[in-house]
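Here's the structure, in structure tokens; my notes come after.
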Amino acid sequence: IRDSSGGSERTYVMVKPDGVQRGLVGEIISRFERKGFVLKGLKLWQTPEELAQNHYFELKEKPFYPKLVKYIISGPVVCMAWEGPGVVASARKLIGVTNPLQAEPGTIRGDFGIEVGRNVVHGSDSPENGEREIALWFKDSELVEWEQCITPWLR
Ligand code: RTP
Ligand code: MG
């Protein structure tokens, strides 16, 4: 739908079941919002197992894959599509490295986690995967095309 060569790109961010249970949804949305990215899709829902398997298909051979899928379907998640220049890499920085014990303070995982299997949040690792994951988790009708009026104050 959108030409990512135009300087803007999209990423898929998800508050994982532990983040939802712990009441971190607002905190996490807030960090992306204050950074200046634009929210294009948002929903809370219970993930079907097949979707979780599809989302993590690249990790299918990893020993932790079955536990990972179980974790992702263990409770509701909050799905987000965020847009902005460089949003994929920037979201990964805001989120922090995979293992929360290694993640820098100030990052979401660095501030809120201690366990790699309970690392609070997901972010796409490339613009291609951003588009793939947004298409996987959202119907077209759940994504809203809108312009943020404060953009001139940001960039
Ligand atoms: P994510 O995809 O969730 O944003 O995380 P990531 O890119 O930082 O890490 P990735 O390698 O894609 O792994 C996906 C998720 O699998 C779980 N994991 N467990 N050694 C382990 O037990 C292990 N390694 C990875 C984590 O929940 C990780 O976020
Ligand atoms: Mg990943």
Counted residues in the range 99-145 being more than 12 Å from ligand 2 (Cβ to nearest atom), in a loop (DSSP other than H, G, I, E, B) and touching a Lys or Arg at 6+ places or on another chain (Cβ under 7 Å) come to 5
Please give the number of the condition Gly23 fails out of (1) closer than 23 Å to Pro127 by Cα; (2) free of Cβ contacts under 8 Å to residues at least 24 places away in the same chain. (1)
Within the range 119-135, is even one residue surrounded by 15 or more Cβ atoms within 10 Å (Cβ to Cβ), touching a Cys at 6+ places or on another chain (Cβ under 7 Å) and modelled with pLDDT of 95 or more? no
Of Gly41, Gly19, Gly26, Gly36, the only residue that is of a type in the set (Gly, Ala, Ser) and on the phi > 0 side of the Ramachandran plot is Gly36
Between a residue in the range 131-154 that is farther than 19 Å from Gln53 by Cβ and any residue that is assigned to a helix (DSSP H, G or I), which pairs come within a Cβ distance under 7 Å, given they are 6 or more apart or on different chains? none
Matching residues, the range 18-38, being within 13 Å of Val87 (Cβ to Cβ) and exposed (fewer than 15 other Cβ atoms within 10 Å of the Cβ): Glu33
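Kindly indicate whether any position in the range 65-86 is polar (S, T, N, Q) and within 16 Å of ligand 2 (Cβ to nearest atom).
Checked against the condition, which is being polar (S, T, N, Q) and within 16 Å of ligand 2 (Cβ to nearest atom), the range 65-86 yields no hits at all.
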State whether the residues of the range 89-98 include one that is hydroxyl-bearing (Ser, Thr, Tyr), away from ligand 1 (no atom under 12 Å from the Cβ) and either assigned to a loop (DSSP other than H, G, I, E, B) or loosely packed, with under 15 Cβ neighbours inside 10 Å (or both). no
If I filter the range 106-134 down to residues being more than 13 Å from the chain's Cα centre (by Cα) and under 20 Å from Glu58 (Cβ atoms), which single residue comes out as farthest from ligand 1 (Cβ to nearest atom)? Glu128
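The values are calculated or read from the model by the stated rules, or taken from the named source; none is laboratory data. If you're wondering where the values come from, they're calculated on a predicted model, not measured in any experiment. Every residue, glycine as well, gets a Cβ built from its backbone with ideal geometry; the counts of neighbours run over all protein chains shown.
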